1. How much area per residue is accessible in the stretch 215-321 when the probe is 1.4 Å and only protein heavy atoms are counted (Å²)?
2. Excluding residues fewer than 8 places away in the same chain, name every one of the lysines whose C-alpha is closer than 23 Å to that of K229.
3. So with the 1.4 Å probe, I'd like the accessible area per residue for the stretch 39-142, rounded to whole Å².
4. How many angstrom lie between the C-alpha centres of the stretch 172-247 and the stretch 85-113?
5. Starting from the Kirkwood Rh over alpha-carbon pairs, what translational D in µm² s⁻¹ does the chain have by Stokes-Einstein at 20 °C and 1.002 mPa s?
6. Report, to the nearest whole %, how much of the accessible area of the stretch 157-244 belongs to carbon and sulfur atoms, 1.4 Å probe, protein only.
7. Of all DSSP beta bridges in the chain, what percent run antiparallel (nearest 5)?
8. Ranked from the most accessible area to the least, with a 1.4 Å probe and all protein chains present, what is the order of T339, T405, T206?
Amino acid sequence: MNEMKINSYLRVLRRSFDITYRDIEAIIADFHAEMARGLKGEGGSLKMLPAFVDVARGSESGTFIALDLGGTNFRVLQVSLNGKGRAKVEHTEKFVIPKSVMRGTGAGLFNFIARSIQRFLIGHVDPKGKRRLGFAFSFPIRQEHIASGILINWTKGFTATGVVGGDVVKLLGRSLEDYGIRNVEITALANDTVGTLAAKSYEDPTCDIGVIFGTGTNACYRERLANIKKIGPRACGGSKRMIINIEWGNFNGFMTSEFDRMLDESSNNPGKQIMEKMISGMYLGELVRLVISDMIRKKLIFKGRKAGFFRDGFTTEHMSQIEDDRSRGMKMAGRYLETIGVKKANADDLRVLKRVCRVVSRRAARISAASLAAVVTWMDPGVRRRHTVGIDGTLYERYPGFRRTIRSVLGGLFGERKKNIRLVHAKDGSGIGVAVVAAVAARNAGQN
Ligand code: BGC
């Protein structure tokens, strides 16, 4: 009896989370319409932000400091480029950003960054030598120039006050001054997707798309200058193309479920980043938690417990571990859940939980594939040319089945031509990539 009720609940859930090929065709058409609007500066859900840089040629060289800010960690790196497509991370250090800093004041955030840079310089490199610095900033920024950018809005868990509307390069510069760091010049600012594309293009000239499937999600690609109507004729270091940061996390052409709406309403940016909330690592765990809480209320799982029993702390990382546990009793998954206070889950409950995780993660992967297909067909409607896509982010790197589903959808859409789309993992691409962006900027300015 209960089994039947569970199956019927899951059937309805699956239907409301399903993304069919027909849906995908509609998503692609909608995506293209929004991309066109964004490039003309007519508003819409896709910001289509010019990055004021094109991909690398592979001949850029030099040593740069790179900052990578965007997820829960903040990293400082020293990267050297050999001029032959090889980038080497000479030193790297990771700093955990306390929630209080992410959600405090802008001055607090930039001082934290400046202190971290100071520690890095003292610990790893000659702290007095002159340095050029590239800043990978994983949020939407409006740029007019490669070395400046205005924060349009925060996303993910960040809410630091007094930064939106300000130039993040100036804000960081001020904090560096306050900490007496005068030998470091910020010469490039780029979104993490732009960094990822730059990093891959440094070694592979066919790379023309950069994607992040991590805490947040986004993509960038190479656009013809003539198509970027909103900035008029501009030179881009002698290139006829410029990278566009799509900010696809804000796309909203989807049917949403009641759980998506609940999640959105309780988020710190309601109505924004709708696609990101259906795809990315920051939100998938919460979506599953909302479904499970509903099932507990309906007495379909974790019998005899209150809905609040499955409270905070369930993350996308747990989903990934649960989907990975193929054993019969799912003992491993049970143990992971104990660590967040979900005690004594029985094998039946765990199996149902796994099915819910699968529904949520499968939709995420199918939407991801649809969006990627939209970008490729925007650049090359017949998918005739070869496209290498540099991808980074924990979801892509580690979530069981995520890559497979993306590949299979691309196969379903493009058949044999799918082989023209090569997906490559660009591990830690944004940090290395922003050093490459700084090198491209130096080359364009005639310094290298
Ligand atoms: C931000 C993007 C970023 C993406 C991946 C999103 O929340 O809006 O700028 O590229 O996360 O980090």
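The values are calculated or read from the model by the stated rules, or taken from the named source; none is laboratory data. What you are looking at is a predicted structure, and each value in this text was computed from that prediction instead of being measured. Cβ: placed from backbone, ideal geometry, glycine included. Neighbour counts: every protein chain shown. When the accessible area is computed, the model is the full protein with side chains, heavy atoms only, and any ligands, DNA or RNA have been set aside. Shrake-Rupley method; radii C 1.70, N 1.55, O 1.52, S 1.80 Å.
1. 43
2. Correct list for K229: K40, K47, K240.
3. Heavy-atom accessible area per residue stands at 42 Å².
4. 19
5. 94
6. The value for the stretch 157-244 is 50 percent carbon and sulfur by accessible area.
7. That works out to approximately 60 percent antiparallel.
8. Order by accessible area, largest first: T339, T206, T405.
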